[in-house]
Amino acid sequence: MIILGLDPSLSCTGWGVVRADGTRLSHLANGQLPTNPKTPMAERLAQLHDGIAAVIAAHRPDRAACEEVFVNENPQSTLKLAQARGAVLTACGGAQLSVNEHAARLVKKAVVGTGAADKKQVAAMVKVLLAGTTIAGADAADALAVAIADAHLVRRF
């Protein structure tokens, strides 16, 4: 089972692809899709959509997993996150991929053991679980964590 993990963000969307064989996980790929804040919103969303569509075409995952939207204190930030998430999920839908959605706290708990883990703890545990993997950055580490959590939380392989 190949799982695409997604950490959507308008500024930089992380993605990670893992293979789950029973309880055994192996890294296939990861990366980040940054967008320029000076670029018009519609173009940034198209970049995210097209970037994830290319990842799907290249790695042919069996399913995807994405963090659920969380509400920020800043409503504008929440709206931008939701728009980026919509572009990414549309790419998944266009490829007929089912998408499992997981709360960020649940992902952290599944990977680190506590739902209150910070980004550094998540990245460190991803490096342990996928030993020898070069991770493209913090957003890619978060996306790999989503894929890892999905493999453990949804046993359909």
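Return the lysines within reach of Lys120: Cα separation strictly under 18 angstrom, same-chain partners fewer than 8 residues apart disregarded; answer none if there are no such residues.
Lys108, Lys109
What does the charge count near Ser98 come to, summing +1 for each Lys or Arg and -1 for each Asp or Glu among other residues with Cβ under 9 Å from its Cβ?
0
Which aspartates and glutamates, if any, have their Cα less than 12 Å from the Cα of Lys127, not counting same-chain residues under 8 positions apart?
Asp142
Which of Asp62, Asp139, Asp118 ends up with the largest GNM mean-square fluctuation for the chain, with Cα atoms connected below 10 Å?
Asp118
Order of 8-21, 34-47, 140-153, 99-112 by packing, highest average Cβ count within 10 Å first?
Final packing ranking: 140-153, 8-21, 99-112, 34-47.
Bear in mind these aren't lab numbers, they're just calculated from the coordinates by the rules spelled out. Please read these numbers as outputs of a predicted model, since none were measured by experiment. Cβ atoms come from the backbone with ideal geometry, glycine included; neighbour counts cover every protein chain shown.
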